[in-house]
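What follows is one structure encoded as structure tokens, with my remarks underneath.
The values are calculated or read from the model by the stated rules, or taken from the named source; none is laboratory data. All values reported here derive from a predicted model rather than from experimental measurement. Quick reminder, even Gly has a Cβ in these numbers, built from the backbone with ideal geometry, and neighbours come from all protein chains shown. These area figures cover heavy atoms from the full protein model, side chains too; ligands, DNA and RNA do not enter into them. Shrake-Rupley method; radii C 1.70, N 1.55, O 1.52, S 1.80 Å.
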Amino acid sequence: MDAIEVDERDSTWEDHHPHFRVYVQERSGDSYSTETVDLFDADVLQAIDWAQRAVASRTDAVWALALVGRDSRALRGLTWLVGMDANDPPSDEHEIDLRLRMATRATRPVGVPSRDQWEPDRSAAAVVHANPWFTVTETIDDTDRSWFRLRSSDSVIVAASIGERLVFVHGVRDTTGPEPRYELPSGAIDPDDDSAAGAAARELLEETGAVCDELVQVGTFVAEPGVSDVRTHVFVGNVAEHRGAALEPGEDWTTVELGPDEVDAAIAAGTITDGATLAALLFVRRR
């Protein structure tokens, strides 16, 4: 993308009633079946919201948005605003990128606030942000206040024991400052996990290389009930063997083992501040 500063007087007319065309396209063999709908009396955010709703319940569907206009010959044409016709073979790197981003939007919708939706249902939650890890929704109450909620899959946290010592990860997060801190291994339950216990075993192995013969759930808690209903499931187990860790990018962890007195000292020193770890330790100690 190029950004060039221009004089705001460099135009001769304005149109406050744009005419949009939405392409709703669903894969059919090697091509796409296409439905086109024209939208009037909307702005571009409302048009995007309408397009996303149109493909939400369809399998392998994409959408694209164009501005309808006429050229100097009075012939109708399209200026693509988002995406392109999925049946047109891409002719350059820019169009290849457009196609890839169209496919991505099928699973990661553009966040459109409730007030900017097409004929919004004010009681319904609108997705205003989405990424591979979580979404943020907005609802508006009768007094015109916005309420935001974080939605994601449930998570797990693991207290794996070697005798009386627990396995922790030690490292720095950019959200909590430059000082390294201790946390119990944890992470989200992925769609490919067969159970919460399976997710716990995977996270423990990935972050520390430890493997337990059995993982037992000892509790569940909601970490941030003011903004999310996501539950964290607490598991305990005895380490049976060690393999190699498989840390993800950004996980600059080292594995350490702490005994009960060392855990208490770390809490007192402020090097265990993770709320999920503190809650899990309470479950472990009440067993």
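Couple of notes before you dig in:
- Exactly one residue among S33, S11 is assigned to a strand (DSSP E or B), among the polar types (S, T, N, Q) and either modelled with pLDDT under 90 or open to solvent by less than 70 Å² (accessible area, probe 1.4 Å) (or both), and that residue is S33.
- The listed residue being under 25 Å from the mean Cα position of the chain (by Cα), open to solvent by 60 Å² or more (accessible area, probe 1.4 Å) and closer than 30 Å to V136 by Cβ, out of A223, A200: A223
- Single residue of the stretch 232-243 satisfying the filter (of a type outside the set (V, I, T) and open to solvent by less than 60 Å² (accessible area, probe 1.4 Å)) that is farthest from A200 (Cα to Cα): A240
- D229 fulfils the conditions (1) open to solvent by less than 60 Å² (accessible area, probe 1.4 Å); (2) assigned to a loop (DSSP other than H, G, I, E, B); (3) modelled with pLDDT of 90 or more except for a single criterion, (1).
- The residues on offer are G69, G111, G163, and the sole one that is without any contact (Cβ under 8 Å) to a residue 60 or more places away in the chain, exposed (fewer than 12 other Cβ atoms within 10 Å of the Cβ) and not acidic (D, E) is G163.
- Applying the set (1) of a type outside the set (K, R); (2) touching an Asp or Glu at 6+ places or on another chain (Cβ under 6 Å); (3) loosely packed, with under 15 Cβ neighbours inside 10 Å to N87 leaves exactly one unmet item: (2).
- Strands (runs of 3 or more DSSP E) wholly inside the stretch 81-171 that include at least 3 residues being in contact with a Phe, Trp or Tyr (Cβ under 8 Å, 6 or more places away or on another chain) and over 26 Å from D43 (Cβ atoms): 155-162, 165-171
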